[in-house]
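A.B. asks: Before I ask anything, here is the structure I am working with.
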2 protein chains.
Amino acid sequence: MVTIEDVAKKAGVSTATVSRVINNVGNVSEKTKMKVWKAINELNYKPKILASALARHRERFLVGICESERLKNMEKEKIVPEFYTVILTALEQIGEEYGLKFCKMNLFSPTECDAYILVGGDTTKEVVEMYRELGKPFLLLDHYIPGEKVDCIVTNGFDGAYYATSYLIKKGLRKIFHIHGPLNSYGFKGRYDGYTSAMKEAGLLPKYYEYDDVKNNMDDVIEFMLRKNDIPEAIFASNDITAMRIIKELKKRNIKVPDEVSIIGFDDIISAKDFEPSLTTLKVFKDEMGSLAATRIYELLVGHNVHPVMVSLFTKFIKRKSSI
Amino acid sequence: MVTIEDVAKKAGVSTATVSRVINNVGNVSEKTKMKVWKAINELNYKPKILASALARHRERFLVGICESERLKNMEKEKIVPEFYTVILTALEQIGEEYGLKFCKMNLFSPTECDAYILVGGDTTKEVVEMYRELGKPFLLLDHYIPGEKVDCIVTNGFDGAYYATSYLIKKGLRKIFHIHGPLNSYGFKGRYDGYTSAMKEAGLLPKYYEYDDVKNNMDDVIEFMLRKNDIPEAIFASNDITAMRIIKELKKRNIKVPDEVSIIGFDDIISAKDFEPSLTTLKVFKDEMGSLAATRIYELLVGHNVHPVMVSLFTKFIKRKSSI
């Protein structure tokens, strides 16, 4: 029977290193890994790991769910209607099956836990730094900060926007505008880039109007657009709320949707289906985000695949009546 | 003792649906999931799943590793020196622990397997369509096609490029150019976007020179750049091979690296460390890519977290002597 000691001897490393390679935990160089694997193969060593390792870890971990006051208020005031409620329900349900216990806390003043999930777009570089110093695994849920190299679960805005814009182009439309929220939001920026990329690849000119979702200045935005005599064939909006406000303003001015202008949103919020006209949009898989967050924080807790990754969920195009 | 039937009755759904929700498999609407979870909570139902479900699936799956001839030839001729060898070794080793058996085949003519891993950048929309029709799980390894919404494991080129460019800016440099390979490559495109984003955010003008890595026209590119009297303070290259060729051409013209021009590459290939001067670069975690591919294809095979996602690995900035 080949033992882990035999492998270590043949590879010229310690048994601890062999164990780290087999379980894919800790910091082992590529070169050492290749040596260990070669030894494992040559000796035909059969380790028992992974599935059994996962099953072994049936202890309960305490995971902090960290939200800002602003986010909680937005939920309360139904500005982000059911978005985070669905994500967090899924997270807690699936997490429960991994033996995770959850505890809600303020993003800016976390109490002691085994790991943390930082929810929404209020996490800054400074906040990431603070959590790094706590020395426990953590991940960003529905947010990312470029250059920070921190684990995160996000929606692939680029891909959804690219798909929707390409769809309109394939339908023969050329004058397609993008009305978007503030681009310091990771979500809005990805959608902006996806729209831009699809337009440029088709040799079309991207055209943007920025909209302030707190002030709700859609009346001004549409007025400004029309005063320039700039009537698009389609508008891709950076989310459903924005799309609905665009439609409202166009209606006020007797511009018909979708006959004169096609509108596509993003998110597929509950009211998108019952809106008049019902909204063509990209469905964000909120419950899947929660489930993936539970899976990922568990992996980090048990030390499996610990190299930081961005997991981004693809959206689904839902064709309804607001577009061609 | 609460049973799955009790949960189904309370939620007003079938037991099969409850089971699908608990195991997070198959197509169940968010609304139904919320109902089932509510019933589980109210009844305090305790399902046995996940870790045990994973352990249960100890059957052997056959996974096809699908490579194009072009890719195999590039490895043979050491154009992509050890890149895919490391990825695939890790994939097979970690996959083994999940009970996966691997079988190499031609990307364009797959034979029957339980799942497929499509390696490298030769996968097109048409190839994806062909694999979709096979009806088995599959994922793209080190590649993605915008709008295709297919599972993939990639390196986060955007983030690495953003980080490296921001690093140069923080060091006080302003005139930073990007020399890149063909942008239809998913990898090069991400790095291009990351560089652009960091430059624009700092209010600097991005400047690009395209380089043809098959023709190796670096002599012409550098000649053209210098003839315009356009000498940068730094060049971010889209990979290490490109960076090395840039340095060679600059040396020929007596331009000193890093004293006059800082150079940063991407990949951290083995020869980067021993190059003269040693190359500052972004390390790509090839073995981690392989390990994540094994984990992901296994998840898809056992039907866990089946919603398609892009998993992109963050790189690590390695400061050596070719840059400030």
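The values are calculated or read from the model by the stated rules, or taken from the named source; none is laboratory data. Keep in mind that what you see is a predicted model, and the values were worked out from it rather than measured. FYI the Cβ positions are ideal-geometry reconstructions off the backbone, even for glycines, and counts take in every protein chain you see. Remember, those area values only see protein heavy atoms, side chains included, never the ligands or the DNA or RNA. Shrake-Rupley method; radii C 1.70, N 1.55, O 1.52, S 1.80 Å.
A.B. asks: How do B:TYR144, A:TYR192 rank by accessible surface area computed with a 1.4 Å probe, from largest to smallest?
C.D. replies: A:TYR192, B:TYR144
A.B. asks: Quick one: how many Å² of A:GLU249 are accessible to a 1.4 Å probe, rounded to 10?
C.D. replies: About 10 Å², rounded to the nearest 10.
A.B. asks: If you don't mind, there's one more thing I want to ask. Please give the per residue accessible area of the protein assembly as shown, computed with a probe of 1.4 Å over protein heavy atoms only, in Å². Could you put the intermediate results ahead of the total?
C.D. replies: On the way: 28020 Å² over 648 residues.
Dividing the accessible area of the protein assembly as shown by its residue count gives 43 Å².
A.B. asks: Excluding residues fewer than 8 places away in the same chain, name every one of the aspartates and glutamates whose C-alpha is closer than 15 Å to that of B:LYS9.
C.D. replies: B:GLU42
A.B. asks: Please calculate the 1.4 Å probe accessible area of B:ILE176, with all protein chains present, and give it to the nearest 10 Å².
C.D. replies: 0
A.B. asks: Along each principal axis of its Cα atoms, how long is chain B end to end? Whole angstroms, biggest number first, please.
C.D. replies: 81, 43, 32
A.B. asks: Also: With a 1.4 Å probe and every protein chain left in place, tell me how much accessible area A:LYS207 has, in Å² to the nearest 10.
C.D. replies: 60
A.B. asks: Tell me the distances, shortest first, between B:ILE231 and the same position across the other copies, using label points 7 Å along Cα→Cβ, in nm to one decimal.
C.D. replies: Ordered by distance, the counterparts are at 5.7 nm.
A.B. asks: Interface size between chain A and chain B, please: total buried accessible area, 1.4 Å probe, rounded to the nearest 100 Å².
C.D. replies: The A and B chains share an interface burying roughly 5200 Å².
A.B. asks: Let me ask another. How long are the three semi-axes of the equivalent ellipsoid of the stretch A:270-324, in whole Å, if each is the root of 5 times an eigenvalue of the C-alpha gyration tensor, listed from largest down? Walk me through the numbers before you get to the answer.
C.D. replies: Values: eigenvalues 248, 23, 5 Å².
Sorted largest first and rounded, they come to 35, 11, 5 Å.
A.B. asks: Okay, next question. Debye sum, Cα scatterers, the protein assembly as shown, no solvent: what log₁₀ I/I(0) at q = 0.08, 0.09, 0.12 1/Å?
C.D. replies: -0.63, -0.81, -1.44
A.B. asks: If the label for A:ILE255 sits 7 angstrom from Cα along the Cα-to-Cβ line, what are its distances to the same label in every other copy, in nm to one decimal, shortest first?
C.D. replies: 4.8
A.B. asks: Would you list which lysines come within 19 Å of B:LYS101, measuring only between C-alpha atoms, while excluding same-chain residues fewer than 8 positions from it?
C.D. replies: Excluding near neighbours in sequence, the set is A:LYS38, A:LYS46, A:LYS48, B:LYS136.
A.B. asks: If the reach is capped at under 15 angstrom between alpha carbons, list the aspartates and glutamates near A:LYS175, excluding any in the same chain fewer than eight residues apart.
C.D. replies: A:GLU201, A:ASP230, A:GLU233, A:ASP259, A:GLU260
A.B. asks: For chain A, which whole-number percentage of the solvent-accessible area (1.4 Å probe, protein heavy atoms only) is attributable to carbon and sulfur atoms?
C.D. replies: That fraction is 52 percent.
A.B. asks: How long are the semi-axes of the equivalent ellipsoid of the stretch B:199-306, defined as square roots of 5 times the Cα gyration tensor eigenvalues? Whole Å, largest first.
C.D. replies: 35, 17, 13
A.B. asks: Tell me, how many Å apart are the Cα centres for the stretch A:145-208 and for the stretch A:257-324?
C.D. replies: Here the answer is 14 Å between Cα centres.
A.B. asks: Treating the point 7 Å from Cα along Cα-beta-carbon as the label, what are the nm separations from A:GLU276 to the other copies, to one decimal?
C.D. replies: Copy-to-copy label distances for A:GLU276: 7.9 nm.
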